[in-house]
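Have a look at the structure below before the remarks.
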Amino acid sequence: MARFPIREAEIKALAQSIIAGLTNNPDFPNPPVTPAELQALLDTFNNLGDTQVADQAKAQQSTETKQHGQENLTAAMRSALRYAENTVSGNDAKLAALGWSGKAAKTPLQAPGQPRSLEAPRQGAGWLTLDWKAPADGGALASYRIERRKLPGGDWETVGMAIETEATLNNQERGKEFEYRVIAANKAGEGEPSNAVMTVL
């Protein structure tokens, strides 16, 4: 997807492409800003730039005036580009005549990938700390769900939530053998569970 330029040289180059495209291409018969009007705005912008360079004593005033000229030019250019996109229904091949392209389709959010390298590096009577690495793939994550199950063969249950890649769980049952895992989630769904770690507190 084309992005509207910020740098002065790129704005001028795009303005020239729009002027040439509107002048020479029959696909855009009634633009909201005529090529002559755009050319006049571009000439004004160029002249204001020359004035800024030549008159250092009035640099601040000149810069503000030039900025106003750029705002006028870019507003007119944006208007012309919106008109062009609507006129040719975002056809990239036709918009290329103006040095532009249509809007890219939004990429849908993906569920996060699998959390990596889950460990329980610290633990004590009725508590443990888990840490892990963020998923290496998938969409941006919103949170992690921490689950455990009693061994052997118990059902997984949620025992905590985290935003960072570390969590300390308190008030855990003592003398029981548990298995812990972490699952990353966002609005698109949940990723694959991490590896599991076994503890007896």
Legend entry - Contacts under 8 angstrom Cβ, first residue in the stretch 69-92 being in the same structural domain as residue 46 (by TED's automatic domain parsing), partner exposed (fewer than 14 other Cβ atoms within 10 Å of the Cβ) and in a helix (DSSP H, G or I), 6 or more apart: 70/8
Legend entry - Residue satisfying all of: in the stretch 183-201; within 38 Å of the chain's Cα centre (by Cα) and under 12 Å from residue 120 (Cα atoms); surrounded by the fewest Cβ atoms within 10 Å (Cβ to Cβ) among these: 195
Inset, instruction - Evaluate the stretch 10-18: report whether one residue or more is touching a Leu at 6+ places or on another chain (Cβ under 6 Å), hydroxyl-bearing (Ser, Thr, Tyr) and closer than 13 Å to residue 98 by Cα. - result: yes
Inset, instruction - Determine the pairs where a residue that is under 11 Å from residue 183 (Cα atoms) and assigned by TED's automatic domain parsing to the domain that holds residue 188, located within the stretch 135-164, has a partner that is aromatic (Phe, Trp, Tyr) and assigned to a loop (DSSP other than H, G, I, E, B) with Cβ atoms under 7 Å apart, the partner being 6 or more residues away or on another chain. - result: 147/156
Legend entry - First in the stretch 1-14 and free of Cβ contacts under 8 Å to residues at least 60 places away in the same chain and surrounded by 10 or more Cβ atoms within 10 Å (Cβ to Cβ), second anywhere and of a type in the set (S, T, N, Q) and assigned to a helix (DSSP H, G or I), Cβ under 8 Å, 6 or more apart: 12/46
Inset, instruction - Report yes if residue 13 is assigned to a loop (DSSP other than H, G, I, E, B) and either over 29 Å from residue 93 (Cα atoms) or among the hydrophobic types (A, V, I, L, M, F, W, C) (or both), otherwise no. - result: no
Legend entry - Subset of the stretch 167-176 (residues that are free of Cβ contacts under 8 Å to residues at least 40 places away in the same chain and either surrounded by fewer than 13 Cβ atoms within 10 Å (Cβ to Cβ) or outside the structural domain of residue 131 (by TED's automatic domain parsing) (or both)): 175
Inset, instruction - Residues being closer than 30 Å to residue 187 by Cβ, among the hydrophobic types (A, V, I, L, M, F, W, C) and in a helix (DSSP H, G or I): count how many of those fall in the stretch 65-109. - result: 0
Legend entry - Residue ID - nearest to residue 198 (Cα to Cα), chosen from residues in the stretch 110-149 that are of a type in the set (A, V, I, L, M, F, W, C) and part of a loop (DSSP other than H, G, I, E, B): 125
Inset, instruction - Return the residue satisfying two criteria in turn: it lies in the stretch 24-56 and is more than 33 Å from the chain's Cα centre (by Cα) and outside any helix (DSSP H, G or I), and of such residues it is surrounded by the fewest Cβ atoms within 10 Å (Cβ to Cβ). - result: 26
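The values are calculated or read from the model by the stated rules, or taken from the named source; none is laboratory data. Keep in mind the model is a prediction, meaning the values are calculated, not measured. Positions of Cβ are backbone-derived with ideal geometry, glycine not excepted, and every protein chain shown enters the neighbour counts.
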